[in-house]
Amino acid sequence: MRLLLFGPPGVGKGTQAKLLSQEYRVPHISTGDLLRTAVTQGTPVGKKAKAIMDEGHLVPDDLMIAIVREALSGPAAANGFILDGFPRTLPQARALSALFEELGITSYTVIEFDVDEEELIRRLASRMMCTKEGTIFNAHTDSLTIDSPCPQCGSPLMQRDDDKEGTVRNRLRVYRVSTAPVIHYFDALGVVCRVDGTGSVDVVNREIKVLLEERP
Ligand code: AMP
């Protein structure tokens, strides 16, 4: 099971990646989560990335490629992985192909999620994250406020700094300009499946599993 989850911020990649990772017992590798951990720990990578992330811009390719190389080369990813948030540029996509070749990985699937932009803005504005597990909730549909404890583990919830409205619009613009065109690279390789990310978490999860079962 080697999956790349592709789509704009707020489309549900992280939520689905967490579910699929449990269901298929393969690690969820989220470049955003790896960067947020580096920021929290105050590592050199974290210090470099923080301001870029807060603005909604992309962290430089060489840094991201090094992070993903390390994550995919370890034993944890030997039997599969769910890569979430990478690649986001064409140089990243090319570097990933080269890394796959080096690691002997010949088969993988890119799942492209689609949700309309106004819905993404609404979702991001009400997105909350568990400070301990990173589980994602929606303030409206899960009836939560920023002061509520995590419904699953009781830890405090937080809103990501880059989910504030000004940054969200920038992230969506960066996605449109730099990331969305990367799908053509994978389309040319014939590895893309598309899902409508508008439905409930369960509906989208089922749709992905059906798509994966249908793939040769
Ligand atoms: P995410 O959690 O995937 O929305 O990522 C949060 C932020 O981390 C992004 O807005 C970027 O600033 C940075 N980031 C994550 N993945 C990448 C990547 N592949 N390339 C560049 N920047 C990234």
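The values are calculated or read from the model by the stated rules, or taken from the named source; none is laboratory data. Just so it is clear, the model here is predicted, and its values are computed rather than measured. Using ideal geometry, Cβ is built from the backbone for each residue, glycine included, and neighbour counts are taken over all protein chains shown.
Only residues that are touching a Phe, Trp or Tyr at 6+ places or on another chain (Cβ under 9 Å), without any contact (Cβ under 8 Å) to a residue 24 or more places away in the chain and closer than 21 Å to residue 40 by Cα were counted across the stretch 139-185, and they come to 1. Look at residue 3 and say whether it is under 20 Å from residue 99 (Cβ atoms), crowded, with 20+ Cβ neighbours inside 10 Å and of a type in the set (A, V, I, L, M). Here the answer is yes, as residue 3 does meet what is asked.
Here is a yes/no grid of residues against (1) part of a strand (DSSP E or B); (2) in contact with a strand residue (DSSP E or B) (Cβ under 7 Å, 6 or more places away or on another chain):
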residue	(1), (2)
112	yes, yes
123	no, yes
137	yes, yes
142	no, no
146	no, yes
162	no, no
173	no, no
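Selection over the stretch 80-95 of residues that are within 25 Å of residue 23 (Cβ to Cβ) and either small (Gly, Ala, Ser) or free of Cβ contacts under 8 Å to residues at least 60 places away in the same chain (or both) gives a count of 2.
If you go through the stretch 74-90 and keep only what is assigned to a loop (DSSP other than H, G, I, E, B), at pLDDT 95 or above and more than 8 Å from the ligand (Cβ to nearest atom), you end up with just 80.
Set side by side, the residues 71, 95, 66 differ, and just one is farther than 24 Å from residue 166 by Cβ, more than 10 Å from the ligand (Cβ to nearest atom) and touching a helix residue (DSSP H, G or I) at 6+ places or on another chain (Cβ under 6 Å), which is 95.
Every condition in (1) modelled with pLDDT of 95 or more; (2) surrounded by 13 or more Cβ atoms within 10 Å (Cβ to Cβ) holds for residue 198 except the one numbered (1). Given the options 104, 85, name the one that is in contact with a strand residue (DSSP E or B) (Cβ under 6 Å, 6 or more places away or on another chain) and closer than 25 Å to residue 211 by Cα. Unique residue meeting the criteria: 85. Do we have any residue at all in the stretch 22-36 that's in a helix (DSSP H, G or I), touching a residue at least 60 places away in the same chain (Cβ under 8 Å), closer than 20 Å to residue 69 by Cβ and out of contact with any Lys or Arg (no Cβ under 9 Å at 6 or more places or on another chain)? Yes, the stretch 22-36 contains a residue that is in a helix (DSSP H, G or I), touching a residue at least 60 places away in the same chain (Cβ under 8 Å), closer than 20 Å to residue 69 by Cβ and out of contact with any Lys or Arg (no Cβ under 9 Å at 6 or more places or on another chain).
Filtered by the rule that a residue be near the ligand (Cβ under 8 Å from one of its atoms) and over 16 Å from residue 170 (Cβ atoms), the stretch 35-57 gives 35, 36.
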